[in-house]
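The values are calculated or read from the model by the stated rules, or taken from the named source; none is laboratory data. The structure presented is a predicted model; accordingly, all values stated were derived computationally and were not measured. All Cβ positions, glycine included, derive from the backbone under ideal geometry; neighbour counts span all protein chains shown.
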Amino acid sequence: MTRRSDAPRTRSEFHAAAGALVVVRDPPPPPPAARGQPPTVPGDPAEGVEILLAVFDDGSVTGLCGHVDLGTGLRTALAQVVADELDVAFDAVTMVLGDTARAPNQGPTIASASIQVHAAPLRLAAAQARAWLVERAAERMGVAADGLEVRDGVVVARADAARSVGYGELVAGGHVELALSDAARVKSPDDYRLVGRPVARVDIPAKAAGEPVFVHDLRLPGMLHGRVVRPPYVGYDTGPFVGRSLEAVERESVAHVPGVVEVVVLGDFVGVVARREEQADAAMRALVVRWKPWPGGAGLDDVEGALRANPSTPRVLVERGDVDGAVASAAQRMTRSYVWPYQMHASIGPSCAVADCRGDRATIWTGSQNPHVLRADLALLLGVPAASVDVIRMEASGCYGRNCADDVAADAALLSRAVGRPVRVQLTREQEHAWEPKGAAQLMEVDGGLDAAGNPVACDFRTSYPSNAAPTLALLLTGAVEPRPVAFEMGDRTSVPPYDYPALRVVANDMAPIVRASWLRGVSALPNAFAHESWIDELATAAAVDPVEYRLRHLSDARAIDLVNATAERAGWIARTAPGGQSPDGDRLKGQGFAYSRYVHSRFPGVGAAWSAWVADVEVDRNTGEVHVSRVVVGHDAGMVINPAGVEHQIHGNVVQTASRALKERVRFDDRGAVEAREWGAYPILSFREVPVIEVVSMPRPGEAPLGAGESSSVPGTAAIANAIFDATGVRFREPPFTPEVVRAALGIVPAPPPPRAPALAAGMRGAPHAGPARRRRGWAVAGAFVAGALGVAAAMLGHRPSIAPVAPPDPALFTATALERGRQLAAAGDCVVCHTAQGGVANAGGRAIETPFGIVHATNLTPDPQTGLGRWSFAAFRRAMREGISRDGRHLYPAFPYPSFTRMTDDDLMALYAYLMAQPPVRNDVPATALAFPYGMRAGLAIWNALYLDPGPAMPDPTRSSDWNRGEYLVNGVGHCGACHTPRNALGAERGGAAYLAGAFVEGWEAPALTSRTHAPVPWTEDELYAYLRHGHTRWHGSVAGPMVPVVRELAALPDADLQAMALYLASFQSTTSPQAAESRAQTLVEQSRGRARQTTGAAQRLFDGACGACHHDGDGPVLLGRNLPLALYSSLASAYPDNLLRVVVDGIAEPATPALGFMPSFRDSLSDRQLAELAAYLRDRFAPGLPAWNDLPAAVARARAAADTSAPR
Amino acid sequence: MLRLTVNGRVHEVDAAPGATLLDVLRNDLALSGPKYGCGLGECGACTVLVDGVAARACVIPAGGVVDREVTTLEGLGSRDAPHPVQQAFVDEQAAQCGYCLNGMIMTTAALLARRPRPSDREVREALSHNLCRCGTHVEILRAVRRAARLMTPPSDAQR
């Protein structure tokens, strides 16, 4: 159903609407310049009056507000206000929020002021419209206005309910505009029908059905996709390097990426536009951008030191009594510092925007919290008048302050202008984490003390808060705005304590940001309250008075006292004069903490929002240091509540988010000061496992003005948790987050050492069988020297081999179906397609560049194309190549082609393989000739190599062994050429024999593990396990395949079970016999051990693992997702002496698993830093291979993994 | 061309096999349910069902689900004919900003299909890697319990 209230897109459409009553107001005068406060933009009189409300002749109503709904339910609450005041049905109202072309300019949506302040004009407008409508009805019905009442938009005569007229009828045919008048009379709260009742949120049904409501979901005709590339000064927006660091953009670096439309460069702003989103993403990753060296930012490992060193201007907020004298007179001095970390908004959806900038108009769809301010920014950026920019606000991921929503809107505007088409820009997770204006760190210093009776003598409070409004990034990057350090005056929120301290001084040290920072929920108030409410707890303990009792003694605000009492009572507050009153539950120490605060926001002295108090119950594990908040009772007094259900949800949200910030959240910076946390593992937030029981105590205040409830209940939270931890442990924590490692350090808990490694079942030949990744190169260098030396001799001794005459391509119809099928299986067993297919190329058409120590070898075209493939090869030529490594034309082939293995194949099999290859469709593909540098380019030298190492086949079966064993041996060592990867090579690059046979080697940066008793697999291999591994790509006791083994398993799918069983039988004969029971028992032991180790290794690396990997890799206590969650304790990559395989998988991911049953794994290449990768690897080793020595030189291994060619990642 | 089966219909999509399933669902099939959150399978905002199992569309190459059944939030139900899990989330008002809602509903649907009467612990574990920043966890847990009741026939519920 289309309602008229949904239709108007602009102010002029409201003005032009026939059959409408519209309430307007003149744009309010520009607000007085507010130093150091979030910017506002005055209304433009040229744009005419602002529209607040419209009633249409179909009875529908539009309400307009300049604030936006951030998931707080504001849209619903404002609709309640309008419907109630107008006496229309709730669902008759459409709310328009934030659009600059329609909604009034009411400044940014911050400080929980939407209901408290900005709903007032809307309510007034509704009251005025109702009065006008009732008057018209009175005229029409000939009944005095006071004889009428309104029910759901119908005016009814009280005396005669049959006489009535609807609002729609009253406005039909005309257009009336009323100027908002202060004289309009609003309803008495006693008459509210909707306000104060729980109303279902209007936006949830569409969201639950996946309808396109978010800005992310907007799709315009002809829309292109953009991505940005950000500079290396990650997270900084001041300093001489900002906007001036770009050296060059190599546009040709994305020439190979399909769909790229434009690369846009403006100062340090770099963006790409492509037809499809994944193309834009690929271009972003591929684009080579050269930046000037960044000098680095502040060291932020020591936040307190950085804050003390940051220049500041003291601003005295309160000075009452002789503070210095009182402090000096204290019987017990209490000088304390409290430190708050940098934290993130951490929106779940990275910011997105769509812009359409064409001609002289710019339209931007955005999730901004500040549409009018953003419009001014965009006008400045684009160099156009603000009136030609429309900002349309759509739903966005929850923000809680200022995330990158405005930044991406500006990015989209620049890219759209460059290509003259609509462009959607989606920031990546990494970009959002790295660049969002952080919630600032903060330092609170308190001095004061107690007199002899335990009463406070003074509070001398200083707070340092480095933050401003975070200018829109594109303005800085393009040089439109100078990257100067500007200090705001926003550190004063809730800085004045609520207690009657006899002497009080409060000073805000205003300071410019260190890293990009802006307001985050509980702006400066959460840290200030943390300090005040921790400090008074410290005073109470020092005075040996119950902390609640102590607060009540010094509180005089009646509503505060009521709230403190009600909350403590509901929570079952246990009065105490010292910590440690509760008996532990096993290893868990229990404690209870209290805190109270009233959030005071906006320019000092500010506006009081709701009152709030917390009782937090915590459990602290005395072995691991983990803190669990088990229950929170939160008391709340928000005056009259418009939507009780909405407010309760807001309180729940505040409790969860505050517990998360208190327990887990701190932005980590790298050693250059750049933001290092770029995904959820490095910046974890509270999960469902940790959510406390929450009980809300709402103070009934129907007669009082409604107060903002979006943030208030967060403010006392961190102090309540810290106070509870003190109660549990007797240790005072003054710097969140209270992570296990912080608690362990404070409590003197020594982490448990890893348990001894469970003894292996069979004493194999342990230890590294091969040279490892680093020494391997030297081995090849020696080989090179030998070959070079031998070449001269070889060339002299052995001449060019004869060519075999070309033949006409054989007719595939001559081959039998049996031969073709057998050939297909052999081709699969030999993995022909793996090496002979270029990335993205046709199967077996060649062209893949294979890296060898001697240079690049290009795989040849195996299709029967006469010019470029095998089309003119006779069987004799093919057989000679397979047996002797000689091409049809007589040239030697390099042993990168594993003919020393293929030589073992029988004539019948070679014939079948030949038949299969010749029956494939010919593909013309001129493969680059392999041209190795001198001396390796002299192929004749290979003759001597062959003389030394080639044992020409076919091989004979071993009559002392079973036929199955012989079959397995034949497949493994012949066509399967397993040794090509798994057997270490000698100095001349030939596979070694004896004990080294299949004993493991490094190939292209991957470790091909030992297949013999030298295996480092945590559980010994059995025949069944080997079979399962080859057949399914994973087993119960050995995890899943990765890396170059993936295509091998994929190819083996073509082979019958009997062949794989034979291979398993053969390979198992190298292992000492292990019964399945013994293997299972060992697997269980290892899994149990790693599970136990989980509890002993809590800390940053464990959180990184849990956040980044834990959705798929867990101990059975996490989600069930597509793929197999096999115990990491059983993976040989974690038990190896080398971390290379593990790191390769983490860096590259697994885009093409061996079999569909296995899941996909993302590449963490662009998401984790080198340090994080090393930390993660070290953690995994300790956790999943406890008892084995820690890996050496992880930084070098990380560098190897990054450098290795990525052939598997999707992007 | 990739042939994908999504919400019971076969689609031919002109996308590279390496394009993520998420991008293809959103951009080629105009499905808005699955959301981009992290691209790393960490947060769950992009969750879909693949052959009935919860899967993170942001880490799956579209080419990897050819010949498999993909179900998105839209395939579960609509505003007018919601799936019981969708209905339960609306009834419990289990959203603040609603960006994570897709993942919460899809993960719950997969959980309840596998375990119709999960314990509170099982619910928390199943959702442990679906991130919500607004702190809607309490309402979401209520919604899962309500959905389990809606989906369990009364005779079973009495047992």
Filtered residue count, the stretch B:120-130, keeping only those that are in contact (Cβ under 8 Å) with a residue 12 or more places away in the chain and either more than 9 Å from every other protein chain (Cβ to nearest Cβ) or assigned to a helix (DSSP H, G or I) (or both): 4
Condition check for B:Ala95: facing another protein chain (nearest Cβ under 7 Å), farther than 19 Å from B:Arg142 by Cα and buried (at least 24 other Cβ atoms within 10 Å of the Cβ): no
Residue, nearest to the chain's Cα centre (by Cα), within the stretch A:366-388, restricted to residues that are surrounded by fewer than 24 Cβ atoms within 10 Å (Cβ to Cβ) and under 18 Å from A:His67 (Cα atoms): A:Val373
Residues (crowded, with 19+ Cβ neighbours inside 10 Å and of a type in the set (Ser, Thr, Tyr)) located in the stretch A:583-636: A:Tyr596, A:Ser597, A:Tyr599, A:Ser602, A:Ser612, A:Thr624
Candidate set from the stretch A:632-657 (those that are assigned to a helix (DSSP H, G or I) and of a type in the set (Val, Ile, Thr)); member that is farthest from the other protein chains (Cβ to nearest Cβ): A:Val647
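Would you mind listing the helices (runs of 4 or more DSSP H) fully within the stretch A:1053-1142 where at least 2 residues are at pLDDT 95 or above and within 14 Å of chain B (Cβ to nearest Cβ)?
On the way: elements: A:1057-1068, A:1076-1096, A:1100-1109, A:1132-1135.
So the answer is A:1100-1109.
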The stretch A:1149-1162, subset surrounded by fewer than 22 Cβ atoms within 10 Å (Cβ to Cβ) and at the interface with chain B (Cβ under 10 Å from one of its Cβ atoms), residue farthest from A:Asn1125 (Cα to Cα): A:Glu1152
Flag for A:Tyr1066 being crowded, with 20+ Cβ neighbours inside 10 Å and out of contact with any strand residue (DSSP E or B) (no Cβ under 7 Å at 6 or more places or on another chain): yes
Hits in the stretch A:249-282 - residues which are among the aliphatic types (A, V, I, L, M), touching a strand residue (DSSP E or B) at 6+ places or on another chain (Cβ under 9 Å) and not in a helix (DSSP H, G or I): A:Val249, A:Val257, A:Val260, A:Val261, A:Val263, A:Val264, A:Val265, A:Val270, A:Val272, A:Val273, A:Ala274
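Would you be able to tell me the number of residues in the stretch A:39-76 that are at negative phi and within 14 Å of chain B (Cβ to nearest Cβ)? Lay out the reasoning, then the answer.
Of all residues in the stretch A:39-76, those at negative phi come to A:39-47, A:49-58, A:60-70, A:72, A:74-76.
Those still in the list that are within 14 Å of chain B (Cβ to nearest Cβ) too: A:68-70, A:72, A:74-76.
Qualifying residue count, the stretch A:39-76: 7.
Just to check your reading of the model, which residue among A:Arg244, A:Arg219, A:Arg275, A:Arg285 is more than 14 Å from chain B (Cβ to nearest Cβ), surrounded by fewer than 23 Cβ atoms within 10 Å (Cβ to Cβ) and not hydroxyl-bearing (Ser, Thr, Tyr)? Give the steps one after another, and end with the answer.
On the way: A:Arg219 fails: more than 14 Å from chain B (Cβ to nearest Cβ); A:Arg275 fails: more than 14 Å from chain B (Cβ to nearest Cβ); A:Arg285 fails: more than 14 Å from chain B (Cβ to nearest Cβ).
Going through A:Arg244, A:Arg219, A:Arg275, A:Arg285 in turn, the sole match is A:Arg244.
Only one of A:Asp865, A:Asp889 is of a type outside the set (Ser, Thr, Tyr), surrounded by fewer than 20 Cβ atoms within 10 Å (Cβ to Cβ) and either more than 52 Å from the chain's Cα centre (by Cα) or farther than 23 Å from A:Ile944 by Cβ (or both). Can you tell me which?
Values: A:Asp865 fails: surrounded by fewer than 20 Cβ atoms within 10 Å (Cβ to Cβ).
Only one candidate passes the filter, namely A:Asp889.
Out of the helices (runs of 4 or more DSSP H) lying entirely within the stretch A:401-488, which hold 3 or more residues that are over 29 Å from A:Ala298 (Cα atoms)?
On the way: elements: A:405-419, A:429-435, A:473-477.
Answer list for the stretch A:401-488: A:405-419.
Could you tell me whether B:Leu112 is within 14 Å of the chain's Cα centre (by Cα), within 14 Å of B:Cys43 (Cβ to Cβ) and of a type outside the set (Val, Ile, Thr)? Steps first, please.
Working: within 14 Å of the chain's Cα centre (by Cα): yes; within 14 Å of B:Cys43 (Cβ to Cβ): no; of a type outside the set (Val, Ile, Thr): yes.
It is false that B:Leu112 is within 14 Å of the chain's Cα centre (by Cα), within 14 Å of B:Cys43 (Cβ to Cβ) and of a type outside the set (Val, Ile, Thr).
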Where A:Glu482 falls short, out of the listed (1) surrounded by fewer than 22 Cβ atoms within 10 Å (Cβ to Cβ); (2) acidic (Asp, Glu); (3) touching a strand residue (DSSP E or B) at 6+ places or on another chain (Cβ under 7 Å): (3)
Test: residue in the stretch A:152-161 that is among the hydrophobic types (A, V, I, L, M, F, W, C), closer than 22 Å to A:Ala609 by Cα and not in a loop (DSSP other than H, G, I, E, B): no
Selection from the stretch A:658-695 of residues that are in contact (Cβ under 8 Å) with a residue 24 or more places away in the chain, facing chain B (nearest Cβ under 10 Å) and under 26 Å from A:Ala525 (Cα atoms): A:Thr658, A:Ala659, A:Ser660, A:Trp680, A:Pro684, A:Ile685, A:Leu686, A:Glu690, A:Val691, A:Pro692, A:Val693, A:Ile694
Scope the stretch A:363-406; condition of a type in the set (Ser, Thr, Tyr) and under 28 Å from A:Ala440 (Cβ atoms); matching residues: A:Thr366, A:Ser368, A:Ser397, A:Tyr400
Residues satisfying the stated conditions in the stretch B:73-119, i.e. among the hydroxyl-bearing types (Ser, Thr, Tyr), outside any helix (DSSP H, G or I) and closer than 19 Å to B:Cys132 by Cα: B:Tyr99
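Taking the criterion of being among the polar types (S, T, N, Q), touching a residue at least 12 places away in the same chain (Cβ under 8 Å) and farther than 28 Å from A:Asp1166 by Cβ, would at least one residue in the stretch A:457-464 satisfy it? Break it down into steps so the answer makes sense when it comes.
The initial filter retains those residues of the stretch A:457-464 that are among the polar types (S, T, N, Q), namely A:463-464.
Remaining after also requiring touching a residue at least 12 places away in the same chain (Cβ under 8 Å): A:463-464.
Filter once more, so that each one left must be farther than 28 Å from A:Asp1166 by Cβ: A:463-464.
The answer is yes; a qualifying residue exists.
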Scan of the stretch A:1-53 for residues that are outside any loop (DSSP other than H, G, I, E, B) and hydrophobic (A, V, I, L, M, F, W, C), ordered by number: A:Phe14, A:Ala16, A:Ala20, A:Leu21, A:Val22, A:Val23, A:Val24, A:Ala46, A:Ile51, A:Leu52, A:Leu53
Segments classed as helices (runs of 4 or more DSSP H), wholly inside the stretch A:930-1039, with at least 2 members that are more than 30 Å from A:Gly847 (Cβ to Cβ): A:942-949, A:963-973, A:1023-1032
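May I ask you to list the residues in the stretch A:935-959 that are charged (D, E, K, R) and without any contact (Cβ under 8 Å) to a residue 24 or more places away in the chain?
A:Asp958
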Exclusive hit being at the interface with another protein chain (Cβ under 7 Å from one of its Cβ atoms), touching a Cys at 6+ places or on another chain (Cβ under 6 Å) and not in a strand (DSSP E or B), set B:Gly18, B:Gly64, B:Gly37, B:Gly33: B:Gly37
Check on B:Leu111, at pLDDT 95 or above and in contact with a His (Cβ under 7 Å, 6 or more places away or on another chain): no
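Every residue in the stretch A:978-1000 that is within 42 Å of the chain's Cα centre (by Cα) and either surrounded by fewer than 18 Cβ atoms within 10 Å (Cβ to Cβ) or on the phi > 0 side of the Ramachandran plot (or both), please.
Listed by number, the residues that qualify are A:Leu998, A:Gly1000.
Table: residues versus (1) part of a loop (DSSP other than H, G, I, E, B); (2) without any contact (Cβ under 8 Å) to a residue 60 or more places away in the chain; (3) of a type in the set (Ser, Thr, Tyr); (4) not assigned by TED's automatic domain parsing to the domain that holds A:Arg102.
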{"position": "A:Asp356", "(1), (2), (3), (4)": "no, no, no, yes"}
{"position": "A:Ala362", "(1), (2), (3), (4)": "no, yes, no, yes"}
{"position": "A:Ser368", "(1), (2), (3), (4)": "yes, no, yes, yes"}
{"position": "A:Leu378", "(1), (2), (3), (4)": "no, yes, no, yes"}
{"position": "A:Leu381", "(1), (2), (3), (4)": "no, no, no, yes"}
